[in-house]
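See below for the structure under consideration.
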Amino acid sequence: MIIIIAIILFVLVVWGLFSIKIVGPGEMALYVFFGKPVYFVNSGFAFAPLLPKSGLLRYPKTLFNLDYPAQKIITRAGEYQGKEKNKGKKKGKKKKATAKEYGKQLIEIDSVVYMRFPRFFETTLAEGLRKDNASLAQGNVDPETMCIGLKKIVEQSIPKDEVELKKWTRDTVAATLRSVFGEVTWAEATENIKDLKEKLKELFSDSKNALTEAGFSPADMDIEIQEVRLTKELENLLREPDKARLKSEAAFFTARKQAAEQVGSVIEAFALARGKTVKTVQRELNKDAEQRKEFLSYIENINLRLEEADRNALIDIRVGDGDG
């Protein structure tokens, strides 16, 4: 009899030792009793009875950084007035933008979602009564009280691996982006990005969002827009006015440079014909009106000879003396 009792005690001790678990500092867990989540376990030692289909389901406490590049969204067609712009240098005066018509356009949005598994407690989901992890450690929460959000996540078998979690949330993120950017024109999507970001965050944390209904807390989720890109064709069209302006400016500066070079050459020839230096001629032109008149007449004479040269005329080029 004593041997039997000793064996039973030995089995119980071994069973008890194997039932003691350690939850890491970056982990939390739910104890599952015969397949059903029962209570929450925080970091540290935990007693998880070793039974069939029972044990700890561990979840990371870390914040996931899920990036979703190049989400394709079709914007709506319609009018967009644009933002008011400051008019002139005076403060307070704004120029009212004119409403313009825009067609549907495909845009690409790079977004990032920051999220983690819920760590708060809820004694009543309907009332939304929440308590933090420290409450359990201090013994202020009934051991049977559990994180209902995490329980729902366990029951729906939502993946806890970052790669799989990203795949699982992709459709929800895309739907949220479409709900915001699909209701505006492409011009507003690129210009009014700040207001659209706020609207996106509000919609992303809504209680009817697929992620919150799945058990995630709005306090544990956030979404950011990294970039909104237009199609290359549209970007090229938008650049055309700038290209035309730059081309016009380049042509202007080129013509100005050529004119300066030509005037310099004419002054040099004018000075050579009169046996003077270029600087001397320039000083005389700046001070003497008669010299300027003579110089203009000299230029007209050169232009006439160049026109005759263009008509393939035979020209006798003579260089006059100091009197012209």
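Among LEU51, LEU296, LEU230, the sequence by solvent-accessible area, most first, with a 1.4 Å probe is LEU296, LEU51, LEU230. Taking K and R as +1 and D and E as -1, what net charge do the other residues with C-beta under 14 Å from the C-beta of SER111 add up to? With Lys, Arg at +1 and Asp, Glu at -1, the neighbours total +1.
Measuring against 24 Å, Cα to Cα, the residue pairs LYS167/LYS201; LYS160/LYS199; LYS100/LYS201; LYS72/LYS166; LYS104/LYS199 contain LYS160/LYS199; LYS100/LYS201 as the ones spanning a longer distance. Here the simple spin-label model places points 7 Å from the Cα toward Cβ, and for LYS197 and PHE47 these points are separated by 5.1 nm.
Going by accessible surface with a 1.4 Å probe and the largest first, GLU300, GLU188 read GLU300, GLU188.
The gain in end-to-end length when the PHE10 to ASN65 segment is fully stretched comes to 15.0 nm, 0.36 nm per residue minus the alpha carbon separation.
The values are calculated or read from the model by the stated rules, or taken from the named source; none is laboratory data. Predicted model only: the values in this text are computed from it and were never measured. Glycine gets a Cβ as well: all are built from the backbone with ideal geometry, and neighbour counts include every protein chain shown. Heads up: the accessible areas ignore ligands, DNA and RNA and are worked out on the full protein's heavy atoms, side chains in. Shrake-Rupley method; radii C 1.70, N 1.55, O 1.52, S 1.80 Å.
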